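For reference, the structure discussed in these notes is given below.
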Amino acid sequence: MAEEISDSPSTSHSNPENSDSSSEFDPNTMRNTKPGLKRLFLTLSVLFSFILGFPLLWKSIEIYRTPLPFPQIESFSSEIESNPLQFPCQFQAIFIGFDSRVSHGEVGSAITRKMYELNPDVSQCGDCSSYGVSVVVDSSFDCVGTGNLRGSDEDADELVKSCLGNGIGGGKVYSVVVVNGEEEEVRTVVGKYRHAWIVGKVSEEEAVSRVAEIFAKVFVNGGNEGSSIRGEFMPVGADGRIVLSFSLLNANPQDWIYDWNFHEIDETLLQPVVEALQPIANITVESQVLYHTPKSSFSYWDDEHESHIFSTNDLPFFVNSNEWHLDTSVAAGGRSKVLQLVVYIPSAKECPLQLELPNGDLSKTNGFISPMWGGVVVWNPQSCKKDLESKDPVRHVISPQDLQKLFEILMGQLRQLLGLKSDNLYVGQSGTFILLGSERGFTEWELDVLSRKHICFNLLSTSTTLGSLSRLVQSLPRMIIMDEIGKQVKFSLEAAKFALSNVSIGMYDASAVSSRDSRSLAEDAFFHPSIMSISYYSFEHCFAIYSPFFLPVSMHVILAALREWKRYKQENKKYLAWKAKAQVTS
């Protein structure tokens, strides 16, 4: 009340200085006391407290975001997309028994031209960077001769390896030895290392065609017609792991029960395969025996083959997902890829069960594959007659000989799932080539093909994943980005650069491991649990939450401050007007 009296113009007490002009004093336009600042100070104090508290509020709702290397991600993605990854490859052709006056340069150029004709698009990811071929013509080379290569192919393979390792070739050089002999039959054999040989009476033109096709179609493409990288080219999990799940299915255990000694097969046949594929994928093996697992498709009896027949049209319905409980692996958690390799034993009423091919012939392997899922082999017991005298089902163990044959078929299916040929023949334009197998399941040149495609696929996947993560993070400013995500992105880029540097010097194994780690880290960063949280939101969402509380209070405070400031200016103007008039009258 005292404040209101002090701020209002005084009319009860006259000032001696303006006593003469008291009759001219207008209380509506003048006041004879200076307006107070207490109300204005209190109002502005409340306003400034709101303004100073806004940064504290903003800090309290701030989302933690570790900085990501967006320029490096963009640079890496642009490099991978604009420049398809290509590998340095060295090719060498050795001609023995030909005219020594043959020009090395002309023969090498002819082989190179033929290779470009067979593979016209050399800019695809995973291809060789160039098709330069070095040629050696030696008519007096005694290490490799027609007689020496006419024996066992395995012995000839080791002989060629020892000869090439003594100074002609060696290293990671793809070599073809052409021996011009007197035999009319021309044999072409591709060894289990990085070389091949051609023996027989062969002309220079025919030799050039065969050598070029071995280089371009076998050593570069792995014997496959297509060389492009498909989206699902290799069944390797995002974490770089493959789980090989072997299952023995007894369709009806009331007829018979079969078991297997899987431990011996694991040690003798599977461990070399796992070690050979170690740079490409971290492989784990498991096995199980299941019962009461009938198939979903139907079969019919065929008198001509004396078997129950199911055709290729029935394959999509063969796997009974309701009864085949295959996905029981503890090791298959996360983003690991599980390949199901199944041995199916039919019931007595469908035994023997055979697969009929579209041409009417029976399948030699009696099995089939499903890309990215696995393969199935139907195994018929030697005797399909049920023992009617026995009340309990007879228990059997698959013999080691039958088990080895089954696993050879399953390894052939695994090779097909990885994009390689399952047989040992390649039929090309210049003839039929024999492809020697390896006790490890994969030859050295096949592992090179898998490594090149695997490295290319991993780096493309890394580029896509990191690019998607970068765009996602930049589009959501309030997304939580933990330090762990930043480290994973950083290590992924480092592993990718390390893989690229190893590619340039031809270190396939090291590059394959680095590319696998790069893809795994990129996937871990993209699917980090903190990113999948719902605790981040846009600025508009934040404004919509807090504005119902702060906006009404803030508007009242701002309006009160403006009103008080306007009142103070008006009262001060009245005081200045009275003071000016008082000075004039005095």
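Numerical summary
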item: Peptide ranges 575-583, 544-552, 369-377 listed from the most packed, as the mean C-beta count within 10 angstrom indicates; result: 369-377, 575-583, 544-552
item: P(r) weight above 16 Å for the stretch 265-384, C-alpha pairs, percent; result: 67
item: Crossing angle, helix 38-60 versus the chain [Cα axis fit, 0-90 degrees, rounded to tens]; result: 10
item: Which listed pairs, of Lys161/Lys421; Lys38/Lys573; Lys38/Lys569; Lys217/Lys421; Lys161/Lys453; Lys161/Lys192, have C-alpha distances above 20 Å, in listed order; result: Lys161/Lys421; Lys161/Lys453
item: Rounded to 10°, Cα long-axis angle of helix 444-475 versus longest principal axis of the chain; result: 10
item: With Cα atoms, 0 to 90° folded angle of helix 483-504 axis to the chain main axis; result: 40
item: Anisotropy class of the stretch 455-498 from Cα gyration tensor, a/c 1.5 cut; result: oblate
item: Label-point separation, His556 to Ser162 (7 Å along Cα→Cβ), nm; result: 10.1
item: Calculated FRET value between Thr268 and Glu540, using beta carbons and R₀ = 60 Å, to 0.05; result: 0.40
item: Accessible area expressed per residue, the stretch 452-556, with surrounding protein chains retained (probe 1.4 Å, Å²); result: 48
item: Value of [θ]222 nm, deg cm²/dmol, for the chain, DSSP H segments ≥ 4, -39500 (n - 2.57) each, nearest 500; result: -13000 deg cm²/dmol
item: Mean Cα-pair separation over length for the chain, i.e. relative contact order, pairs under 8 Å, 6 or more apart, %; result: 20
item: Accessible area per residue in Å² at 1.4 Å probe, computed on the stretch 232-365; result: 46
item: Over the stretch 444-574 - Rg/Rh using Cα atoms and the Kirkwood inverse-distance radius; result: 1.45
item: Proximal aspartates and glutamates relative to Lys487, as straight alpha-carbon distance under 16 Å, when same-chain residues fewer than 8 apart are discounted; result: Asp517, Glu523, Asp524
item: Theoretical gain in end-to-end length, Gln404 to Gln570 [0.36 nm per residue, Cα-Cα removed]; result: 49.2 nm
item: Value in Å of the Kirkwood radius, where the chain supplies the Cα pairs that are averaged; result: 31.1
item: Sequence-distant aspartates and glutamates (8 or more away, or on other chains) whose Cα lies within less than 13 Å of Lys295; result: Asp314, Glu323, Glu350
item: Solvent-accessible area, 1.4 Å probe, carbon plus sulfur percent, for the chain; result: 55
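The values are calculated or read from the model by the stated rules, or taken from the named source; none is laboratory data. Since we're looking at a predicted model, the values are computed, not measured. Reconstructed Cβ throughout: ideal geometry from the backbone, glycine too, with neighbour counts over all protein chains shown. Ligands, DNA and RNA are excluded from the accessible area calculation, which covers all protein heavy atoms including side chains. Shrake-Rupley method; radii C 1.70, N 1.55, O 1.52, S 1.80 Å.
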